[in-house]
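Everything on this sheet refers to the single structure shown next.
Read-outs throughout are calculated quantities, based only on the coordinates presented, and are distinct from any laboratory measurement. This structure is a prediction, so every number in the text was calculated from the model and none was measured. With ideal geometry, Cβ positions are generated from the backbone for all residues, glycine too; neighbour counts draw on all protein chains shown.
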Amino acid sequence: MTAERNPSPHARAAHHLVRAAVLAPSLHNSQPWLFACSDGALLLYADYRRRLQLCDPYGRQLMISCGAALFNLRLAMRHLGFRPVIHLFPDVGTPWLLARVEWGAYARVTPDAELMHQALRRRHTHRGPFSAARVPTSLMEAFARHAHAEGVQLVALEDTAARGRLSRIVHEAEARERRVPGFGAELLRWARPFGDDRGDGVPAEACVFHPDCVALAGRDFTGLTRRRATARPRETWPARTGLVVVLATPHDTRQDWLRTGQALQRVLLCAAGHGFTAGFHTQPLEFADLRALVRSLTPSGQHPQMVLRLGRIDWQVRTPRRSLAEVLPRDGAAPAGAGHPA
Ligand SMILES: Cc1cc2nc3c(=O)[nH]c(=O)nc-3n(C[C@H](O)[C@H](O)[C@H](O)COP(=O)(O)O)c2cc1C
């Protein structure tokens, strides 16, 4: 249906929703999602062929990425003036079918939702120092409310000792990933050189700072530290790390992961709507022992799902997306298995 010359109103609406959905962040910009239309509803599938086998063996981050895309779908429907009706995991026989999104009753879009919708294209991941501007307390409270509305706790690590502990844990995780060749090879498969025109992966343009230039170590997408193990950043800005937060859930199921993705995107879009952006540091959640240490930093001992930092920066780099035809197959057929491990 994507190539139709005169698409039906339903198809046009589906295109609108999917175009919004794919703007979501995803692990290494892997975009592990597929969509289909069914009786006027939109179906969201996980595409396990795009799962990162070493750093995401259980598909936890894949599911978080799909959750973020689901929030964008919901938002795009609200923007058109309809309440989305969501059925999560609607078919037990098809576990890679994550959600069925139906058009609900007409409802005027709220100013909050509209602000987030306007921020969809502005939101991007930042890898480097932020400006000196701090996230105001009122905005931090809004982030926590948005996460809570999705059943996720946002824990702000404002205490210097807790931030220091997290910084050491992230460094240890990143050091392990740089040491183990398999991790490096997996990362480089998603790293794109300057000027590359593929529709996925992380472009070098988005990685211009040394990965160790702020208090939380970043992933080394450009292979800088592999080329020269002793390469140290010429300049560091620990004070420009931004507000460090952890998103955590009471349990650690697929439902929790999908909820985390929706909460994540809500927080990111609220931030973008107010001129703030985020950096991600999820490496320690990829090792059971380090994830347990991050868990000990959350007051209620909840399961950590995301590690983020938020701050202000004046410029953004666009990352590519796959075409509509690739993610919304023409025949609308359910992607068979989509590589699901079960
Ligand atoms: C579950 C998840 C984990 C991520 N982890 C990291 C990370 O550890 N380091 C990083 O630089 N970016 C991380 N990202 C951000 C992605 O690399 C980014 O979303 C992707 O490249 C698309 O770019 P954009 O967010 O600018 O649209 C993560 C994103 C998601 C959804």
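Considering only beta bridges that DSSP places wholly inside region 137-311, some 90 percent are antiparallel. When the Cα convex hull of region 109-216 is projected onto planes of every orientation, the mean area is 9.8 nm². Local charge for Ser131 was computed over the other residues whose Cβ lies under 9 Å away, with Lys and Arg +1 and Asp and Glu -1, and equals +1. Under the combined filter of DSSP loop state and at most 15 neighbouring Cβ atoms within 10 Å, region 76-166 retains these GluC sites (Glu not before Pro): Glu158. Basic side chains Lys and Arg get +1 at the Cβ, acidic Asp and Glu get -1 at the Cβ, and with that the dipole of the chain about its Cα centre reaches some 600 debye.
Applying the criteria of a DSSP loop state and at most 16 other Cβ atoms within 10 Å to the trypsin sites (Lys or Arg not before Pro) of region 99-149 yields Arg108, Arg121, Arg122, Arg134.
Largest GNM mean-square fluctuation across Phe287, Phe143, Phe35, computed for the chain with C-alpha springs under 10 Å, falls on Phe287. Taking every DSSP bridge with both residues inside the chain, close to 90 percent are antiparallel.
The calculated 222 nm mean residue ellipticity attributable to helices in the chain amounts to -11000 deg cm²/dmol, summing -39500 (n - 2.57) over DSSP H runs of n ≥ 4 and dividing by all residues.
In the chain, the longest principal axis of the Cα atoms and the axis of helix 60-79 are about 50 degrees apart. Looking at region 137-311, the pairs of alpha carbons with a distance over 20 Å make up 56% of the total.
With the largest listed first and rounded to whole Å, the semi-axes of the equivalent ellipsoid of the chain from the Cα gyration tensor are 32, 22, 20. Relative to one another, the C-alpha centroids of region 222-266 and region 144-183 are positioned 6 Å apart.
Backbone geometry of region 39-50 corresponds, through the Karplus equation with coefficients 6.51, -1.76 and 1.60 at θ = phi - 60°, to 3J(HN,Hα) couplings of 6, x, 8, 10, 10, 10, 10, 7, 9, 5, 5, 9 Hz, x marking Gly and Pro. Here r is the Cβ-Cβ distance between Phe194 and Trp315 and R0 is 25 Å; the resulting FRET efficiency, rounded to 0.05, is 0.95.
Overall form of region 71-139: oblate. Here a/c, set by the Cα gyration tensor axes a ≥ b ≥ c, is 1.5 or more, and a/b is not larger than b/c. Taking amide hydrogens as placed 1.01 Å from N in the peptide plane, the amide H of Trp33 sits under 5 Å from those of Asp47, each at least 5 positions away in sequence or on another chain.
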